[in-house]
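Okay, so here's the structure we're looking at.
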């Protein structure tokens, strides 16, 4: 299983905003444990909140990484705020919108909105959360720690996502 | 801007960045020991201070960089007199009294109190 929590980048305004979507599928193995049936209750597959936060982290992390041509090793350093008001279930689509709040050599902070979209068209799209994050450019860390030279953050899977979404230096 | 106004804005920044209550943010509160700040929070604090006061803070200007890596500044886990002198020049806003009495490198972060942030911002605003 690849650790990709977004499926497609639908908009990228360099250094400003990135919008990505993730389709929630019953084919995701972990959903059958979250939550499995008990003696009293039927199974209830719900997307874990931590993976929604990871989806936003990947959305915002790509926005931050793209700003410097993916030369910096951008890692999530702090979840400043994560509020979710509704469950996200299979058959629905999550839309993450990350906007750049602050960016410099040391790192960046982003603000984000999570929306739930209904491909079945029975309910309207609505905001279900807000997630604000801080990223560090770990090669510029204050302690002077050295990291491997190759960029282990933006792996082959991310490169595939960028290519399939049509992302260029100018965004998409 | 008066010192009280500066303190008030810094209080709001620290409440936001460190998830502490207003009343925990006293002038003599140490950012790490009393308010639970970690290294990533220092970066967050710099970002938020820049925004709150419309100032630009260069890398290493408010919080020191590379102190523990320099063999002239740190030896056997203690900050050397040369290290102390260098830090005083780079950070005139900080309070070195406690560190001078017990110069352990792991206590360097304790020079940063809320009052130090207030003095730093006052100096930056005066220089604008």
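Please sort B:116-124, B:77-85, B:50-58 by packing, taking for each peptide the average over its residues of neighbouring beta carbons within 10 angstrom, highest first.
For the peptides B:116-124, B:77-85, B:50-58, the packing ranking is B:116-124, B:77-85, B:50-58.
Viscosity 1.002 mPa s, temperature 20 °C: Stokes-Einstein D of the stretch B:1-83 from its Kirkwood Cα radius, in µm² per second?
149 µm²/s
Quickly estimate the mean residue ellipticity at 222 nm for the protein assembly as shown, helices only: each DSSP H run with n ≥ 4 gives -39500 (n - 2.57), and the total goes over all residues, rounded to 500.
Here the helix-only value at 222 nm equals -9000 deg cm²/dmol.
Calculate log10 I(q)/I(0) of the protein assembly as shown for q = 0.07, 0.10, 0.12, 0.16 Å⁻¹, where I(q) comes from the Debye formula with a single equal point scatterer on each Cα and nothing for solvent.
-0.35, -0.67, -0.89, -1.24
Let me confirm one metric for peptide B:17-24, namely the mean number of other chain beta-carbon atoms within 10 Å of its residues' beta-carbons.
Partner Cβ neighbours, averaged per residue: 1.
Could you compute Rg(Cα) / (2.2 N^0.38 Å) for the stretch B:32-128, with N its residue count?
Relative to the 2.2 N^0.38 Å estimate, the stretch B:32-128 comes out at 1.08.
Averaged over B:44-50, how many beta carbons belonging to a partner chain fall within 10 Å of each residue's beta carbon?
Taking all residues of B:44-50 together, the mean is 4.
Report the convex hull volume per residue for the stretch B:64-109, counting only C-alpha atoms, in Å³.
Here the figure is 65 Å³ per residue.
Can you give the mean number of other chain Cβ atoms that lie within 10 Å of the Cβ atoms in peptide A:102-109?
Average neighbour count from other chains, rounded to a whole number: 5.
Can you give me the orientation-averaged projected area of the convex hull built on the Cα atoms of the stretch B:29-73, in nm²?
About 4.0 nm², averaged over all directions.
Wrap a convex hull around the Cα atoms of chain A, take a quarter of its surface area, and give that in square nanometres.
It is 11.4 nm².
Using only the alpha carbons of the stretch A:112-164, determine the length spanned along each of the three principal axes and report them from longest to shortest in whole angstroms.
Dimensions of the stretch A:112-164 along the principal axes of its Cα atoms: 52, 26, 9 Å.
Quick check on packing: order A:125-133, A:103-111, A:36-44 by the mean number of other C-beta atoms within 10 Å, highest mean leading.
The packing order, highest mean first, is A:103-111, A:125-133, A:36-44.
Take the stretch A:63-121, drop everything but the C-alpha atoms, weight them equally and run the Debye formula without solvent; then report log10 I(q)/I(0) at 0.27 Å⁻¹ to two decimals.
-1.15
Laboratory data are not the source of any read-out in this text; all were calculated from the coordinates shown. Since the model is a prediction, treat every value here as computed from it, not as a measurement. Every residue, glycine among them, receives a Cβ derived from its backbone with ideal geometry; neighbour counts consider all protein chains shown.
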